[in-house]
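Asker: Pasting a structure here, questions to come.
The values are calculated or read from the model by the stated rules, or taken from the named source; none is laboratory data. Just so we're clear, the structure is a prediction, and the values are computed from it rather than from any experiment. Cβ atoms come from the backbone with ideal geometry, glycine included; neighbour counts cover every protein chain shown. Side chains are part of the model used for accessible areas, which takes the heavy atoms of the whole protein and leaves out ligands, DNA and RNA. Shrake-Rupley method; radii C 1.70, N 1.55, O 1.52, S 1.80 Å.
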Amino acid sequence: MTERRPIEYWLSDMDGVLVHEGRPVPGAEEFIRRLSASGTPFLVLTNNSIYTRRDLSARLAAAGLQVPAESIWTSALATARFLADQRPGGSAYVIGEAGLTTALHQSDFVLTDIDPDYVVLGETRTYSFSQITRAIRLIEGGARFVATNPDPVGPSPEGSLPACGAVAAMITRATGVEPYFVGKPNPLMMRTALNVVGGHSECTAMIGDRMDTDVVAGIEAGLETILVLTGVTREEEIARFPFRPSRVVPSIADLIDLV
């Protein structure tokens with residue numbers, strides 16, 4: 001692999017890297033502690049747009065991981081920043097929860113179902129048929145279609161749940177309009193995170209557990225990419241992809257000494 005500068009900034013996925021099914025991955029607590037103690041800039045990234053930064057910080061704390069709210073970056077925040085850059089003071093019809101609506105309000109967007117500039121689709125525990133119908137009609141009327149992330153399913157104790165990507169596909173089927181997905185694997189998610197953390201691509205690493213989202217987005221953003229084997233992608237699957245991570249390690253515990 002090409003020689004890179006020493007890692008000065010860290011980006012890390014959350015589920016499958018730091019936590020798994022609500023429990024911390026062994027080594028995650030020490031890794032976060034070392035980052036904080038050394039003053040190394042870092043962000044925890046997630047495509048989940050349901051929760052606010054403070055919500056996620058509290059959930060991680062319940063799992064034993066002390067991650068300050070300002071060190072968390074979500075697809076909802078990336079979406080709000082993208083829309084604020086595209087159309088300052090714009091309006092949106094939103095299907096989603098507090099993580100998304102709060103981020104849009106903080107970006108000075110007006111949330112409305114009356115002639116909005118955008119239909120913005122995020123995650124929610126209870127997708128409403130009436131909301132989806134309204135979104136379809138607004139898109140047919142000319143609203144632009146943006147979605148926080150393309151993940152088709154999400155986990156639950158009972159099994160898979162339809163997620164943003166699956167609902168977006170239904171809206172696309174009805175309207176013929178494809179959404180613009182802001183979250184991973186769109187490298188825009190990484191670039192906005194880089195701006196937030198103040199890092200440069202040449203000295204920033206992205207840790208992830210998925211080749212098809214975390215690693216490819218990191219590569220396209222010019223980052224060093226580290227795949228951990230505690231989540232979705234298994235070691236024998238790596239060779240199937242046309243791209244490779246910078247390095248592969250069993251878990252985040254193997255990265256502690258790099259901090």
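Asker: Restricted to region 168-183, and to residues that are of a type outside the set (Gly, Ala, Ser) and farther than 17 Å from Gly96 by Cβ, which residue is surrounded by the most Cβ atoms within 10 Å (Cβ to Cβ)?
Answerer: First, pick out the residues of region 168-183 that are of a type outside the set (Gly, Ala, Ser): 170-173, 175, 177-182.
Right, trim to farther than 17 Å from Gly96 by Cβ and you get 172-173, 175, 177-178.
On the way: Thr172: 16, Arg173: 9, Thr175: 18, Val177: 15, Glu178: 12.
The qualifying residue surrounded by the most Cβ atoms within 10 Å (Cβ to Cβ) is Thr175.
Asker: Could you give every pair whose Cβ atoms fall below 8 Å, whose first residue belongs to region 35-50 and is closer than 12 Å to Asn149 by Cα and in contact (Cβ under 8 Å) with a residue 24 or more places away in the chain, and whose second residue is of a type in the set (Lys, Arg) and open to solvent by 20 Å² or more (accessible area, probe 1.4 Å), counting only separations of at least 6 or pairs across chains?
Answerer: Within 8 Å, the pairs are Ile50/Arg125.
Asker: Looking only at residues in region 135-167 that are out of contact with any strand residue (DSSP E or B) (no Cβ under 7 Å at 6 or more places or on another chain) and farther than 24 Å from Gly16 by Cβ, which one is least open to solvent (accessible area, probe 1.4 Å)?
Answerer: Taking the candidates together, the pick is Ile136.
Asker: Could you check region 206-236 and list, in sequence order, the residues that are touching a residue at least 60 places away in the same chain (Cβ under 8 Å), small (Gly, Ala, Ser) and surrounded by fewer than 23 Cβ atoms within 10 Å (Cβ to Cβ)?
Answerer: Going through region 206-236, the residues touching a residue at least 60 places away in the same chain (Cβ under 8 Å) turn out to be 206-210, 213-214, 218, 223-224, 228, 230-232.
From the residues that got through so far, the ones that are small (Gly, Ala, Ser) too are 208, 218, 231.
Of everything in region 206-236, just one residue is touching a residue at least 60 places away in the same chain (Cβ under 8 Å), small (Gly, Ala, Ser) and surrounded by fewer than 23 Cβ atoms within 10 Å (Cβ to Cβ), namely Gly231.
Asker: Would you call Gly39 surrounded by 15 or more Cβ atoms within 10 Å (Cβ to Cβ) and small (Gly, Ala, Ser)?
Answerer: The answer is no for Gly39.
Asker: Then there is this: Would a scan of region 107-122 turn up a residue that is under 20 Å from Ala168 (Cα atoms), more than 18 Å from the chain's Cα centre (by Cα), in a loop (DSSP other than H, G, I, E, B) and among the β-branched types (Val, Ile, Thr)?
Answerer: yes
Asker: Does Leu258 fit the bill of being within 28 Å of Pro26 (Cα to Cα), at pLDDT below 95, touching a strand residue (DSSP E or B) at 6+ places or on another chain (Cβ under 9 Å) and open to solvent by 50 Å² or more (accessible area, probe 1.4 Å)?
Answerer: Yes: the conditions hold for Leu258.
Asker: Taking the stated definitions as given, is Arg244 closer than 30 Å to Leu138 by Cβ and open to solvent by 20 Å² or more (accessible area, probe 1.4 Å)? Give the derivation first.
Answerer: Details: closer than 30 Å to Leu138 by Cβ: no; open to solvent by 20 Å² or more (accessible area, probe 1.4 Å): yes.
Spelling it out, it is not the case that Arg244 is closer than 30 Å to Leu138 by Cβ and open to solvent by 20 Å² or more (accessible area, probe 1.4 Å).
Asker: Right, something else. Of (1) modelled with pLDDT under 95; (2) of a type in the set (Gly, Ala, Ser); (3) surrounded by 15 or more Cβ atoms within 10 Å (Cβ to Cβ), Ser12 satisfies all except one. Which?
Answerer: The one condition Ser12 does not meet is (1).
Asker: Please find, among Leu111, Leu45, the residue that is buried (at least 20 other Cβ atoms within 10 Å of the Cβ) and either hydrophobic (A, V, I, L, M, F, W, C) or at pLDDT below 95 (or both).
Answerer: On the way: Leu111 fails: buried (at least 20 other Cβ atoms within 10 Å of the Cβ).
Every option except Leu45 fails the conditions.
Asker: Taking Ile132 as the residue in question, decide whether it is of a type outside the set (Asp, Glu), touching a Phe, Trp or Tyr at 6+ places or on another chain (Cβ under 7 Å) and either under 15 Å from Ala169 (Cα atoms) or open to solvent by 20 Å² or more (accessible area, probe 1.4 Å) (or both). Break it down stepwise before answering.
Answerer: Working: of a type outside the set (Asp, Glu): yes; touching a Phe, Trp or Tyr at 6+ places or on another chain (Cβ under 7 Å): no; either under 15 Å from Ala169 (Cα atoms) or open to solvent by 20 Å² or more (accessible area, probe 1.4 Å) (or both): yes.
The answer is no for Ile132.
Asker: (1) assigned to a helix (DSSP H, G or I); (2) modelled with pLDDT under 95; (3) surrounded by 15 or more Cβ atoms within 10 Å (Cβ to Cβ): which one isn't true of Glu202, the others all being true?
Answerer: (3)
Asker: Something else now. (1) open to solvent by 10 Å² or more (accessible area, probe 1.4 Å); (2) closer than 15 Å to Leu45 by Cβ; (3) not in a helix (DSSP H, G or I): which one isn't true of Arg191, the others all being true?
Answerer: Checking Arg191 against (1) open to solvent by 10 Å² or more (accessible area, probe 1.4 Å); (2) closer than 15 Å to Leu45 by Cβ; (3) not in a helix (DSSP H, G or I), the one that fails is (3).
Asker: Okay, next question. From (1) modelled with pLDDT under 95; (2) over 15 Å from Asp209 (Cα atoms), pick out the condition that doesn't hold for Arg34.
Answerer: With respect to (1) modelled with pLDDT under 95; (2) over 15 Å from Asp209 (Cα atoms), Arg34 is out only on (1).
Asker: Next up: Among Gly122, Gly142, Gly64, Gly99, which is farther than 26 Å from Gly154 by Cβ and small (Gly, Ala, Ser)?
Answerer: Details: Gly122 fails: farther than 26 Å from Gly154 by Cβ; Gly64 fails: farther than 26 Å from Gly154 by Cβ; Gly99 fails: farther than 26 Å from Gly154 by Cβ.
Sole residue among the options that is farther than 26 Å from Gly154 by Cβ and small (Gly, Ala, Ser): Gly142.
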